[in-house]
Amino acid sequence: MDLSRFETDNSVSCRLVSEIPDVCRTEDCCLGIDEAGRGPVLGPMVYGICFCPVSKKQALKDSKVADSKTLTEAERENLFQKLDEARSYVGWALQVLSPNTISTSMLQRTKYNLNALSHDTAIGLVQYALDSGVQLKEVFVDTVGSAEKYEDKLSKLFPAIDVTVRPKADSLFPIVSAASICAKVARDRIVKGWNFAEDLGDVDTDYGSGYPNDPKTKAWLLKYLDPVFGYPQFVRFSWSTAQTLMDSKGVTVHWDDEDEDGEKAAQRQNNKSMLAYFSAGGNDQNPSRQTHRFFTERRLKSLDTL
């Protein structure tokens, strides 16, 4: 699994694909869909599809694929290796949704929630398989939201395909289990080898499971919270855990808007406005405070006059 396309720029989403087996272009195929990393506050969410000829369902089952959450990391890696060795009849594709993509989608002016993002990503992967010539006849999906509504939605979009959406589909259908393994292996490798674009020095990678209720994850979030610029792009800043820490530990800033004079609003809130901060002398009232690296690296200074 070559992750270099995503690692080149992990601030955006990326699609990673295997070769399409020739047999999948000539025989009726089944396809499974699952994701890894929906809940964590750290790292990407990875959506995966896996497909093979219907005639190879038993062979896939005999490989002992199972829900990735029930397997150890070593077991997942071993099973992914088996899937890779079966490349003559098994194919896969992954959509890696970066933390930045997830957060900006959820916080944009027109809300785009995680369920909608998940649905659209899954639909895009099915369409990719069809556009690649895979002869899809059956699709099995681990549900997001109401299974009945999701199944109806997919069936209307792909009327020629028999769609089955079930809770815990990754434990019911081997082809979904295979997709789950592909997605989880990719996410684990990405998280383990994350390239921090920010200058954080020697980064502590002991961030636990990445889930918001993990004490190690909370400690890591607190350690790497910049009071002005927030979090590195490894963090989903739209998650309530991250937002709560930013609200309590970050610097309070009032942004000028059209509805109220910025200076007056800042005074009312006993706060300094952005305009006052960058005005003459405004940046020197506390000489002991160090200038943030964003300004020093770019050789930026406050000016008294233009």
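The values are calculated or read from the model by the stated rules, or taken from the named source; none is laboratory data. From a predicted model like this one, the values you see are computed outputs, not experimental measurements. Ideal geometry is used to build each Cβ from the backbone, glycine not excepted, and the neighbour counts take in all protein chains shown. Protein only, heavy atoms only, side chains kept; ligands, DNA and RNA dropped before computing areas. Shrake-Rupley method; radii C 1.70, N 1.55, O 1.52, S 1.80 Å.
What to note about this one:
- Only helical runs count toward this figure. For the chain, summing -39,500 (n - 2.57) over DSSP H runs of n ≥ 4 and dividing by all residues gives -11000 deg cm²/dmol at 222 nm.
- Exceedance of the 29 Å cut-off in Cα-Cα distance is limited, within the set 69/216; 168/192; 168/223; 184/216; 64/156; 69/192, to 168/223; 64/156.
- Given charges at Cβ of Lys, Arg, Asp, Glu: the chain dipole, positive-most of 101, 141, 125: 141
- The charge dipole of the chain, taken about its Cα centre with unit charges on the Cβ of Lys, Arg, Asp and Glu (plus for the first two, minus for the last two), comes to roughly 400 debye.
- For the chain, the membrane-span-like helices by this rule, meaning whole DSSP H stretches whose C-alpha atoms cover at least 24 Å of axis and whose Kyte-Doolittle mean is -1.0 or above, are 114-131, 174-192; this says nothing about an actual membrane.
- Label corresponding to percent of Cα pairs over 31 Å apart when calculated from the structure given, among (1) 36; (2) 24; (3) 41: (3)
- Peptides 147-158, 88-99 ordered by average Cβ neighbours within 10 Å, highest first: 88-99, 147-158
- A 1.4 Å probe run over the chain, with the rest of the protein chains in place, finds 54 Å² accessible per residue.
- A cut-off under 13 angstrom between Cβ atoms defines the neighbours of residue 41, and their net charge, with Lys, Arg +1 and Asp, Glu -1, is +3.
- Summarising the strand pairing of the chain, around 65 percent of its internal DSSP beta bridges are antiparallel.
- Two-site label geometry, residue 137 and residue 211: point separation in nm, points 7 Å out along Cα→Cβ: 4.0 nm
- Dipole in debye (nearest 20) - region 115-262, about Cα centre, beta carbon charges: Lys, Arg +1; Asp, Glu -1: 1100 debye
- Mean Cα-pair separation over length for region 127-238, i.e. relative contact order, pairs under 8 Å, 6 or more apart, %: 17 percent
- Residue ranges 185-196, 168-179 sort as 168-179, 185-196 when ordered by packing (mean number of other C-beta atoms within 10 Å per residue, highest first).
- Region 57-79 residues near the modelled residue 88 label - backbone nitrogen below 18 Å, point 7 Å along Cα→Cβ: 57-63
- For the chain, carbon and sulfur atoms together expose 49% of the accessible surface, with a 1.4 angstrom probe and every protein chain in place.
- Relative contact order of the chain, defined on C-alpha pairs under 8 angstrom at six or more residues apart (%): 23 percent
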